[in-house]
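Just below is one structure, and these are the notes that go with it.
The values are calculated or read from the model by the stated rules, or taken from the named source; none is laboratory data. Everything numeric in this text was worked out from a predicted model, so none of it was measured. Because the Cβ atoms are built from the backbone with ideal geometry, glycine has one as well, and the counts that use them run over all protein chains shown.
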């Protein structure tokens, strides 16, 4: 089943400031929490939530450790003013959605598929790509790009061109 990517949530200026403060606080708490833990087995932490809308609703929510790293990432991105959408890695996207995600043209993306650089499946005449495969490709490409830059820097230093 193909799912539509959710529309990213773009923060206001106030939300950006609050997200930045919250991400730093959460990062400090997680750093302190990790430093005191010898046993790295399944851990949970409780997040206290209070909605300030006059009704005084409060709750303690137990979250798995994985949720905190996701929450921290979301807060950091919002703090930088970026739009954020959370998508499961087993979500299938169209070639246009995938091309938009990678910031390339759809024809170029289709060429990547045909070259076998990204796995896909066909549904009728349409190609579908898993978000997990897009993320893997993006990580590989960034690693190759960084390796190439490191080689250029090393070569320029060797030649005294720094």
**Request:** For segment 85-129, name all the residues that are in contact with a strand residue (DSSP E or B) (Cβ under 7 Å, 6 or more places away or on another chain) and over 30 Å from residue 66 (Cα atoms).
**Result:** 113
**Message:** Could you check segment 132-160 and list, in sequence order, the residues that are surrounded by fewer than 10 Cβ atoms within 10 Å (Cβ to Cβ) and touching a helix residue (DSSP H, G or I) at 6+ places or on another chain (Cβ under 8 Å)?
**Reply:** none
**Asked** Under the condition of being within 10 Å of residue 81 (Cβ to Cβ) and touching a strand residue (DSSP E or B) at 6+ places or on another chain (Cβ under 9 Å), which residue from segment 1-14 is modelled with the highest pLDDT?
**Response** 11
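Yes or no, residue by residue, for (1) in the same structural domain as residue 107 (by TED's automatic domain parsing); (2) part of a strand (DSSP E or B); (3) at pLDDT below 95:
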position: 128; (1), (2), (3): yes, yes, no
position: 133; (1), (2), (3): yes, no, no
position: 139; (1), (2), (3): yes, no, yes
position: 143; (1), (2), (3): yes, no, yes
position: 146; (1), (2), (3): yes, no, yes
position: 150; (1), (2), (3): yes, no, yes
position: 153; (1), (2), (3): yes, no, yes
**Residue match in segment 45-55 (condition: surrounded by 13 or more Cβ atoms within 10 Å (Cβ to Cβ), over 23 Å from residue 141 (Cα atoms) and modelled with pLDDT of 90 or more)** = no
**Request:** Please name all residue pairs, on different chains or six or more residues apart, with Cβ atoms under 6 Å, provided the first residue is in segment 55-69 and is under 17 Å from residue 88 (Cβ atoms) and the second residue is at pLDDT 80 or above.
**Result:** none
**Message:** Regarding segment 26-39, can at least one residue be identified that is closer than 24 Å to residue 81 by Cα, surrounded by 12 or more Cβ atoms within 10 Å (Cβ to Cβ) and at pLDDT 85 or above?
**Reply:** yes
**Prompt:** Out of segment 70-124, which residues are surrounded by 18 or more Cβ atoms within 10 Å (Cβ to Cβ) and in a strand (DSSP E or B)?
**Reply:** 92, 93
